[in-house]
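Structure, as structure tokens:
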Amino acid sequence: MRTLKLHFPDETLPTLDSFLKQTKEARVFRRAQAVREVVKGQRLQTVSDTLHFTYSALRKWVHRFANQGIQGLGDRPRPGRPTKVTCELEQHLNRLVDQDPLEHGSLHSQWSCRELATALARETGVHLGRESVRGVLKKRM
């Protein structure tokens, strides 16, 4: 294995420490933790064995951090169709759930996913399937 020939500025460790205290995303937290150990002087192989990263993945994250800083530890956009449920749509659906379905023309006193999808489409113009509505409600719990 080749040795890592990267040099980090003195403020790198405090930057990583404060980032570790702020981040809430587990994947990014683990990456920052691993990179921090490498910046402290640990060998890549030792850190990858300890934190259960593959050697090549850890090497990639260290290089991304060296080139892009903290932003390099995040996930890159993935190809494919963008999600239909935006943050605003999710918030609208959550507000709708807290309202009485009878006020929205329902015949029942409890929401069903299908009725929520219908009411959401009527109010926003975005048509979601009941499974998409169910996914949003599941995250809410």
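The values are calculated or read from the model by the stated rules, or taken from the named source; none is laboratory data. Quick caveat: nothing in here was measured; it's all calculated off a predicted structure. Virtual Cβ from ideal backbone geometry, glycine too; neighbours counted across all protein chains shown.
Only residues that are farther than 11 Å from residue 89 by Cβ, in a helix (DSSP H, G or I) and out of contact with any helix residue (DSSP H, G or I) (no Cβ under 6 Å at 6 or more places or on another chain) were counted across the stretch 122-139, and they come to 6. For the stretch 55-77, name all the residues that are part of a helix (DSSP H, G or I) and either among the basic types (Lys, Arg) or in contact with a helix residue (DSSP H, G or I) (Cβ under 7 Å, 6 or more places away or on another chain) (or both). Within the stretch 55-77, 55, 58, 59, 60, 61, 62, 64, 65, 70, 72, 73 meet the criteria. Considering the conditions (1) exposed (fewer than 14 other Cβ atoms within 10 Å of the Cβ); (2) in contact with a Lys or Arg (Cβ under 6 Å, 6 or more places away or on another chain), residue 84 is excluded by exactly one of them, (2).
Reported count of residues in the stretch 98-121, each being more than 28 Å from the chain's Cα centre (by Cα) and assigned to a helix (DSSP H, G or I), is 7.
Every residue, every condition in (1) surrounded by 13 or more Cβ atoms within 10 Å (Cβ to Cβ); (2) modelled with pLDDT of 90 or more; (3) not in a loop (DSSP other than H, G, I, E, B), yes or no:
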| residue | (1), (2), (3) |
| --- | --- |
| 7 | no, no, no |
| 15 | yes, yes, yes |
| 18 | no, yes, yes |
| 32 | yes, yes, yes |
| 36 | yes, yes, yes |
| 47 | yes, yes, yes |
| 50 | no, yes, yes |
| 53 | yes, yes, no |
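Only one entry of 68, 91, 99 meets the criterion of being surrounded by 11 or more Cβ atoms within 10 Å (Cβ to Cβ), at pLDDT 90 or above and under 30 Å from residue 8 (Cβ atoms), and that entry is 68. Right, residue 95: within 27 Å of residue 117 (Cα to Cα), basic (Lys, Arg), part of a helix (DSSP H, G or I) and out of contact with any Pro (no Cβ under 7 Å at 6 or more places or on another chain) or not? It is true that residue 95 is within 27 Å of residue 117 (Cα to Cα), basic (Lys, Arg), part of a helix (DSSP H, G or I) and out of contact with any Pro (no Cβ under 7 Å at 6 or more places or on another chain). From the list 76, 81, 59, exactly one residue is of a type in the set (Lys, Arg) and more than 18 Å from the chain's Cα centre (by Cα). Which is it? The unique qualifying residue is 59.
Residue-wise test of (1) assigned by TED's automatic domain parsing to the domain that holds residue 16; (2) in contact (Cβ under 8 Å) with a residue 12 or more places away in the chain.
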position: 35; (1), (2): yes, yes
position: 42; (1), (2): yes, no
position: 48; (1), (2): yes, yes
position: 54; (1), (2): yes, no
position: 82; (1), (2): no, no
position: 109; (1), (2): no, no
position: 119; (1), (2): no, yes
position: 123; (1), (2): no, yes
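All of 59, 78, 140 fail the test of being touching a residue at least 24 places away in the same chain (Cβ under 8 Å), closer than 21 Å to residue 26 by Cα and surrounded by fewer than 12 Cβ atoms within 10 Å (Cβ to Cβ), apart from 140.
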